[in-house]
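Engineer: Quick one: structure below, then a few questions.
The numbers here are math on the coordinates, done by the rules we state, and not lab data. Note that the structure is predicted; figures quoted are calculated from it, not measured. Cβ placement follows ideal geometry from the backbone for every residue including glycine, while neighbour counts extend to all protein chains displayed.
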């Protein structure tokens, strides 16, 4: 993509009410546009990052046998009434249509996925089943001041699993923990992310959050100094032992929740009478688990963790482009050739072909934070200068060597 | 994908209030699930078709230089007030948040894209610009009874173009007509789709719809017998000449609108003061066009057009899978081999490995309508039987010949 044609402009200013650094930078670097508090438009750079995160999530969800569907945001009032959440769910946006029909905009989808699963599950042979979607969620947040970390409309991956018994749920729950670690590793935030014990409701003593350490986080986690497992504040009341290693020493960290997993048991299967016939011919309730990842929030968390004072340093797998090609004065023809070759070879490259000074181009490249910066100039002759965004070192490569590096 | 593992069950019944054949079939064949009137869940088959349509649309939009973004559904009240549509837009779902902030759920996005473009457009050098999204729209429809052809929540591609003058808009408008024909050709409905003149508002005499002929359509178009251009009812009042060829003889057809293009002029740029500085240094208003395609509706239109009394006959490029492999009794091992080979070669194949009779499998294959049916049985020995869904002929192929056919 040529920068001169791209709908992306870096900005010197940003909305004054953005208090999180990631959101300030995402706006300044042209990844998102703020519509109003808690509501954003994804611009081409931001959409590319979100699509890459979504691709990673899909691959890891499909690998654990989950199947993708797409549920609507208009969830009828009677579905919420069945579970009692029409009255109690504060974050629900409620609306009424011309036919007086009422809906709650899906803030989570247990109320739709349980009756859907009921149409397909009859016998133990139909279990286990795992369904997920990457879909737009709505939450009527009182305050939305942490930029893309807490929004009123956001992209979420929500997975729901259905099992014949708790043992099978437990096994799948552990599989999902492993899949989540793969996702957070590929997104480059594994080292800063902690599995955190949270309260579990009536069915299970604990649920779990994946919390990524960042100053902009609205949560506080208590990190066990012994085993690095986190505890959130609500379960720390009274009980001062780490649920994993029994340790008693903690470090307090500010963090943002990037994932959340929960053993729901029969909480949502009972209201919808989601049952099955077991091997003996008896009717039993289906046991459920749910597993969320905030996709657009994840972009924010990655942004919080991977930047310096010049701008972003995107991890390779989620960067909006693989390479950022800059042509300096007098080398335009050579740069055009390199660009054409990279495009031909399928390398995602942003080509800064604009009439700007070298200095301005370098500053913007650092702000946008694409991992591989390529410079073609009269000085480099036939070679291309490669600099990784996360390093100060530069190297001169032939175009063959460059292709090998970028493909690898 | 193995059918035994897939979240897809064909059904013998369908909701009694579904009056369109496409929606009855889409529900029976397990493509969509009906949540309530005008609100559907996409199941794996349906999501696959919608993703394929979206891919075609993206390719053709990118080919005319349009750039993808993603705008939110929560459009603030003040944006609608600027254009006067808060009061007048009947189909708008209106809602209020805890902070008393009001939103209209995006039924179309002029009110967001114009102020967004304003942040990027200053000079004639920033024009033309074309932005699109594939995004969920909401419409507060009084009646929603035509299944997926008219829903309250649906996936739409909406493109907005920005120009320095009418001449440039006219050129781009014609480019989009050509791009739309490519899209409808690839979706297999070109022959049944007619460019239809509709009223154009204050800026332009006509707008245009793309209308696909089907009995389930809610529209009536007047098809010029001479040039096959359509006219919708609103522009026929009084004037009985075809705007293209001046012909006076028409045939009335029932049809569904799959696309709609409109020269907006300055209707939405003036309220947001979206202007630019021209070559002479004068301030001028930006001229706008908008271009929609209902993505989920398009699936319905394709379904209406491509079926027989046994089920769907999906066009190759939008079929949920490329091949439907059926193993008959005694040939399971051979079928497993063929399946493994197809998967390895990247052919999207649905493998019916369930313990059902041959007859049941064939009936379901016809209902689902994947274009290439493959049968492996004791009778076929080393060969594989191939039958196209749109033909009665069968052929026996070696696995090499089969791969060549399916790849081509």
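Engineer: Would you mind checking the tilt of helix A:295-305 against the longest principal axis of the Cα atoms of chain A, expressed as 0 to 90 degrees and rounded to 10?
Structural biologist: Approximately 50 degrees, to the nearest ten.
Engineer: Compare B:390, B:282, B:170 in a GNM of chain B, Cα atoms joined below 10 Å, and give the one with the largest fluctuation.
Structural biologist: Of the options given, B:282 has the highest mean-square fluctuation.
Engineer: Now a separate question. Using helices alone, I'd like the mean residue ellipticity at 222 nm for chain B: each DSSP H run of four-plus residues gives -39500 (n - 2.57), total over residue count, nearest 500.
Structural biologist: -8500 deg cm²/dmol
Engineer: Mind running the shape call on region A:281-368? Use the C-alpha gyration tensor, a ≥ b ≥ c as the square roots of the eigenvalues: rounded below 1.5 for a/c, prolate if a/b tops b/c, oblate otherwise.
Structural biologist: Since a/c reaches 1.5 but b/c is at least a/b, the shape of region A:281-368 is classed as oblate.
Engineer: At R0 = 60 Å, how high is the FRET efficiency between residue B:124 and residue A:280 if r is their beta carbon distance? Nearest 0.05 is fine.
Structural biologist: 0.20
Engineer: Nearest 0.05, what FRET efficiency do residue A:102 and residue A:227 give at R0 = 45 Å with Cβ-Cβ as r?
Structural biologist: Once rounded, the FRET efficiency stands at 0.40.
Engineer: OK, next. What residues from region A:107-137 fall in the zone where the backbone N is under 15 Å from a label point 7 Å along the Cα-to-C-beta line of residue A:175?
Structural biologist: A:125-132
Engineer: Under the convention of a label 7 Å out along Cα→Cβ, give the distances in nm from residue B:363 to the same position in every other copy, shortest first.
Structural biologist: 7.2
Engineer: From the label point of residue A:280, set 7 Å from Cα along Cα→Cβ, how far away are the matching label points in the other copies, in nm, ordered shortest to longest?
Structural biologist: The projected label point of residue A:280 is separated from its counterparts by 9.1 nm.
Engineer: Over the Cα atoms of region A:203-264, what radius of gyration and what Dmax do you get, in Å?
Structural biologist: Expressed in Å, the Cα Rg and Dmax of region A:203-264 come to 11.4, 33.
Engineer: Follow-up question, since we're still on this one. Using only Cα atoms, tell me the angle between helix B:358-368 and the longest principal axis of chain B; keep it within 0 to 90° and round to the nearest 10.
Structural biologist: 10 degrees
Engineer: On to the next question. Averaged over its residues, how many other protein chain Cβ atoms are within 10 Å of peptide A:27-38's Cβ atoms?
Structural biologist: 3
Engineer: Sticking with this structure for a sec: Quick check: the distance between the Cα centres of region B:1-68 and region A:134-154, to the nearest angstrom?
Structural biologist: Centre-to-centre (Cα) distance: 28 Å.
Engineer: Next up: Hey, what did region B:218-258 get for relative contact order, percent, Cα under 8 Å, at least 6 apart?
Structural biologist: Relative contact order of region B:218-258: 53 percent.
Engineer: Further question on the same structure: Take the alpha carbon atoms of region B:214-268, find their center, do the same for region B:315-341, and report the distance between the two centers in whole angstrom.
Structural biologist: Cα centroid of region B:214-268 versus Cα centroid of region B:315-341: 44 Å apart.
Engineer: Can you put B:28, B:186, A:407 in order of Cβ neighbours within 10 angstrom, beginning with the fewest?
Structural biologist: Ranking B:28, B:186, A:407 by Cβ neighbours within 10 Å, fewest first, gives A:407, B:28, B:186.
Engineer: Averaged over A:3-10, how many beta carbons belonging to a partner chain fall within 10 Å of each residue's beta carbon?
Structural biologist: 3
Engineer: On to the next question. For region A:43-148, what relative contact order do you get, as a whole percent, if you take Cα pairs closer than 8 Å and at least 6 residues apart?
Structural biologist: 33 percent
Engineer: Then there's this: List, shortest first and in nm to one decimal, how far the label point of residue B:391 (7 Å from Cα along Cα→Cβ) is from its counterparts in the other copies.
Structural biologist: Shortest to longest, the spacings are 5.6 nm.
Engineer: Once you order the gyration tensor axes a ≥ b ≥ c over the Cα atoms, which shape class does region B:128-230 get: rounded for a/c under 1.5, otherwise prolate or oblate by comparing a/b with b/c?
Structural biologist: In terms of gyration-tensor shape, oblate.
Engineer: So what's the angle, to the nearest 10 degrees on a 0 to 90 scale, between helix B:332-344 and the longest Cα principal axis of chain B?
Structural biologist: 30 degrees
Engineer: Using 0.36 nm times the number of residues separating residue A:142 and residue A:91, minus their current alpha carbon distance, what extension gain do you get?
Structural biologist: Extra length from residue A:142 to residue A:91 when fully extended: 17.5 nm.
Engineer: Run a plain Debye calculation on the protein assembly as shown (Cα atoms as equal point scatterers, no solvent) and give log10 I(q)/I(0) at q = 0.08, 0.09, 0.11 Å⁻¹, rounded to two decimals, same order as the q list.
Structural biologist: Each listed q corresponds, in turn, to -0.77, -0.99, -1.47.
Engineer: First check a/c for region A:321-400, with a ≥ b ≥ c the square roots of the eigenvalues of its C-alpha gyration tensor; if it is under 1.5, answer rounded, and if not, answer prolate when a/b is larger than b/c or oblate otherwise.
Structural biologist: Rounded is the answer for region A:321-400, as its axis ratio a/c remains below 1.5.
Engineer: For a Förster distance of 25 Å, can you work out the FRET efficiency between the beta-carbons of residue A:392 and residue A:360, rounded to the nearest 0.05?
Structural biologist: Taking R0 as 25 Å, the efficiency between residue A:392 and residue A:360 is 0.80.
Engineer: Once you keep just the Cα pairs under 8 angstrom separated by 6 or more residues, what percentage relative contact order results for region B:321-407?
Structural biologist: 33 percent
Engineer: Shifting gears a bit: Given springs between every Cα pair under 10 Å in a Gaussian network model of chain A, which of A:355, A:392, A:87 has the largest fluctuation?
Structural biologist: Sorting by GNM fluctuation, first place goes to A:392.
Engineer: Here is a follow-up. By Cβ position, which chain B residue lies least far from the axis that rotates chain B onto chain A, and what is the distance to the nearest whole angstrom?
Structural biologist: Of all Cβ atoms in chain B, the one nearest the axis gives B:95, 2.
Engineer: Another question, if that's okay. Let me know the Rg and Dmax you get for chain A when you use only its Cα atoms, in Å.
Structural biologist: Spelled out, the Cα radius of gyration and Dmax of chain A are 24.1, 80 Å.
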